[in-house]
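See structure below.
The values are calculated or read from the model by the stated rules, or taken from the named source; none is laboratory data. This one's a predicted model, so the numbers in the text were calculated from it and none came from an experiment. We place every Cβ from the backbone using ideal geometry, glycine too, and count neighbours over all the protein chains shown.
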Amino acid sequence: MEPNEDAAATLCYTSGTTGRPKGVISTLRGSYLAAIGNAFEARMNPDSIYLWILPMFHAAGWTYPWAITFSFAAQITQRSVSNTLIWRHFLKSGVTHYCGAPTVQIGIVTHPDAQMLEKPVTAIIAGSAPTAHLIGELEKKNIHVVHVYGLTETYGPFTRGYTQLFWKDISLQARAKYIARQGHAFSTAQEARVVYQNESDELTDVPADGKTVGEIVTRGNIVMKEVLYPTTKVATKKAFRGGYFGTGDLAVMHEDGSIAVQDRSKDIIISGGENASSLAIEQELAEHRAVLEVSVIAKLHVKWGERPMAFVILTSAAEKEYAGRHEAFEADLKKFARNRLPGFACPEWVRVVDELPKTSTGKIMKTALRGMVAKL
């Protein structure tokens with residue numbers, strides 16, 4: 001019996017970082033092509049050894065269970081994410097590839113066992129853009145970043161930031177800005193566009209100027225079949241327009257055709273009529289020497305409508321430096337922000353926390369942070 005390539009292969013649920021998780025149905029054809037794309041883009045081969053850090057249930061492990069098998073590569077599974085065990089595998093098992101969000105990478109590079117690896121390891125990063133500091137710390141360990149972008153609805157990654165030859169001649173800070181972009185569509189993805197809807201409801205591409213903001217849309221083989229929530233037909237129809245799946249991510253298109261996400265549409269902070277990207281603010285604040293992790297959300301403001309509020313986890317050194325005087329750190333961070341950001345994007349409030357609420361895949365749950373702010 002010949003299998004129907006449009007038959008359902010997986011039912012995965014979205015992370016629920018911005019709202020209620022949705023059930024997403026993927027097809028056999030899409031899973032097959034996404035797996036081939038991931039194997040190719042990660043440059044996997046029979047000598048590759050993949051370490052499972054990314055949960056397999058998240059977007060079917062970005063189709064890596066099949067990508068690894070397709071490549072005749074080896075894979076190492078773990079019951080839970082243990083940085084001690086991760087480093088043991090790095091040092092003893094010959095790991096060549098792994099996937100994980102930037103928050104996961106932070107735990108890896110700051111672990112006491114972290115050291116320069118004899119052989120290079122490829123870290124496939126998604127969830128949010130890696131900062132220059134994080135990229136630098138990974139490279140010191142001989143861990144090389146491949147930045148990808150995608151959603152559960154696209155079988156995981158469908159774009160990649162492709163390395164350019166001129167990067168070797170520029171500074172880490174400059175290179176990090178390119179690596180942070182979400183890049184170009186995969187070989188097995190039909191296309192990725194940044195568009196706005198005109199008065200006739202037609203999708204129009206934004207100019208490739210790196211400034212004009214639109215929504216990322218895509219179509220092709222590695223786009224989901226259906227959405228289950230709240231009802232299959234209604235949710236699926238709402239997810240598509242003009243034949244394209246709308247990601248809900250706001251981005252710009254650069255002159256070289258690469259995409260750079262600015263924010264989720266729900267996470268944009270509107271302060272005094274100006275739109276501030278929470279991601280852009282986070283990228284700048286993360287450069288402060290005392291910041292280990294940071295997340296920024298909107299908080300209501302009587303005069304400006306909304307203002308940014310930053311939640312920060314301090315580095316171990318900063319915890320000692322600012323012990324018992326977080327107010328000093330908050331003042332330092334605000335001053336740091338004023339030198340790097342426009343006034344409307346500078347955080348009005350800074351709160352030091354021990355941990356940030358995260359999903360099982362390592363993404364920061366901004367919905368939970370908004371709930372915390374609502375109770376203040």
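Among the residues that make up region 233-247, is at least one of them buried (at least 21 other Cβ atoms within 10 Å of the Cβ), under 15 Å from the mean Cα position of the chain (by Cα) and more than 27 Å from Asn339 (Cα to Cα)? Yes, some residue in region 233-247 is buried (at least 21 other Cβ atoms within 10 Å of the Cβ), under 15 Å from the mean Cα position of the chain (by Cα) and more than 27 Å from Asn339 (Cα to Cα).
Only one entry of Glu348, Glu287 meets the criterion of being more than 30 Å from Arg79 (Cα to Cα), among the acidic types (Asp, Glu) and in contact with a strand residue (DSSP E or B) (Cβ under 9 Å, 6 or more places away or on another chain), and that entry is Glu348. The residue of region 9-25 that is surrounded by the most Cβ atoms within 10 Å (Cβ to Cβ), among those that are outside any loop (DSSP other than H, G, I, E, B) and under 21 Å from the mean Cα position of the chain (by Cα), is Val24. Filtering region 133-182 to residues that are among the basic types (Lys, Arg) and touching a His at 6+ places or on another chain (Cβ under 8 Å) leaves Arg160, Arg181. Please verify whether region 167-184 includes one or more residues that are buried (at least 20 other Cβ atoms within 10 Å of the Cβ), among the β-branched types (Val, Ile, Thr) and more than 23 Å from Glu284 (Cα to Cα). Checking region 167-184: not a single residue is buried (at least 20 other Cβ atoms within 10 Å of the Cβ), among the β-branched types (Val, Ile, Thr) and more than 23 Å from Glu284 (Cα to Cα).
Looking across region 11-50, the residues that are of a type in the set (S, T, N, Q) and farther than 19 Å from Val148 by Cβ come down to Thr18, Thr27. Determine whether region 103-112 contains at least one residue that is modelled with pLDDT of 90 or more, within 26 Å of Asp354 (Cβ to Cβ) and loosely packed, with under 13 Cβ neighbours inside 10 Å. Looking through region 103-112, at least one residue is modelled with pLDDT of 90 or more, within 26 Å of Asp354 (Cβ to Cβ) and loosely packed, with under 13 Cβ neighbours inside 10 Å. Considering region 267-376, the qualifying helices (runs of 4 or more DSSP H), each wholly inside and each with 3 or more residues that are without any contact (Cβ under 8 Å) to a residue 40 or more places away in the chain and of a type outside the set (Asp, Glu), run over 316-321, 326-338, 366-374. Scanning region 118-160 for residues that are touching a Cys at 6+ places or on another chain (Cβ under 7 Å) and in a helix (DSSP H, G or I) yields one hit, Thr152.
Residues that are over 22 Å from Leu138 (Cα atoms) and either more than 22 Å from the chain's Cα centre (by Cα) or buried (at least 16 other Cβ atoms within 10 Å of the Cβ) (or both): does region 78-101 have at least one? Yes, region 78-101 contains a residue that is over 22 Å from Leu138 (Cα atoms) and either more than 22 Å from the chain's Cα centre (by Cα) or buried (at least 16 other Cβ atoms within 10 Å of the Cβ) (or both). Restricting Ala60, Ala114 to residues that are in contact with a Cys (Cβ under 8 Å, 6 or more places away or on another chain), in the same structural domain as Phe158 (by TED's automatic domain parsing) and not in a strand (DSSP E or B) narrows the list to Ala60. Restricting attention to region 338-363, the residues that are acidic (Asp, Glu) and closer than 19 Å to Leu314 by Cβ add up to 2. For region 165-178, the criterion of a residue being on the phi > 0 side of the Ramachandran plot and not assigned by TED's automatic domain parsing to the domain that holds Gly257 is satisfied by no position.
For every residue, the table says whether it meets (1) modelled with pLDDT of 90 or more; (2) closer than 19 Å to Val213 by Cα.
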{"position": "Phe158", "(1), (2)": "yes, no"}
{"position": "Ala174", "(1), (2)": "no, no"}
{"position": "Gln182", "(1), (2)": "yes, yes"}
{"position": "Ala189", "(1), (2)": "no, no"}
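Would it be correct to say that Phe70 is surrounded by fewer than 23 Cβ atoms within 10 Å (Cβ to Cβ), within 22 Å of Gln190 (Cα to Cα), under 21 Å from the mean Cα position of the chain (by Cα) and not hydroxyl-bearing (Ser, Thr, Tyr)? Here the answer is no, as Phe70 does not meet what is asked. Checked against (1) within 24 Å of Asp263 (Cα to Cα); (2) touching a helix residue (DSSP H, G or I) at 6+ places or on another chain (Cβ under 8 Å), Phe344 passes all but a single condition, namely (2). The requirement of being touching a Phe, Trp or Tyr at 6+ places or on another chain (Cβ under 7 Å), among the aliphatic types (A, V, I, L, M), surrounded by fewer than 20 Cβ atoms within 10 Å (Cβ to Cβ) and modelled with pLDDT of 90 or more is fulfilled nowhere in region 39-50; no residue meets it. Can you work out which of the residues in region 161-190 that are within 17 Å of Ala132 (Cβ to Cβ), in contact (Cβ under 8 Å) with a residue 12 or more places away in the chain and part of a loop (DSSP other than H, G, I, E, B) is farthest from the chain's Cα centre (by Cα)? This residue is Gln164. Does Val373 meet the test of being surrounded by fewer than 19 Cβ atoms within 10 Å (Cβ to Cβ) and under 24 Å from the mean Cα position of the chain (by Cα)? Answer is yes for this residue.
Looking only at region 202-216, decide whether some residue is of a type in the set (D, E, K, R), over 20 Å from Leu279 (Cα atoms) and outside the structural domain of Ser258 (by TED's automatic domain parsing). Within region 202-216, none of the residues are of a type in the set (D, E, K, R), over 20 Å from Leu279 (Cα atoms) and outside the structural domain of Ser258 (by TED's automatic domain parsing). Set side by side, the residues Glu118, Glu139 differ, and just one is within 27 Å of Ile281 (Cβ to Cβ), surrounded by fewer than 23 Cβ atoms within 10 Å (Cβ to Cβ) and of a type outside the set (Ser, Thr, Tyr), which is Glu139.
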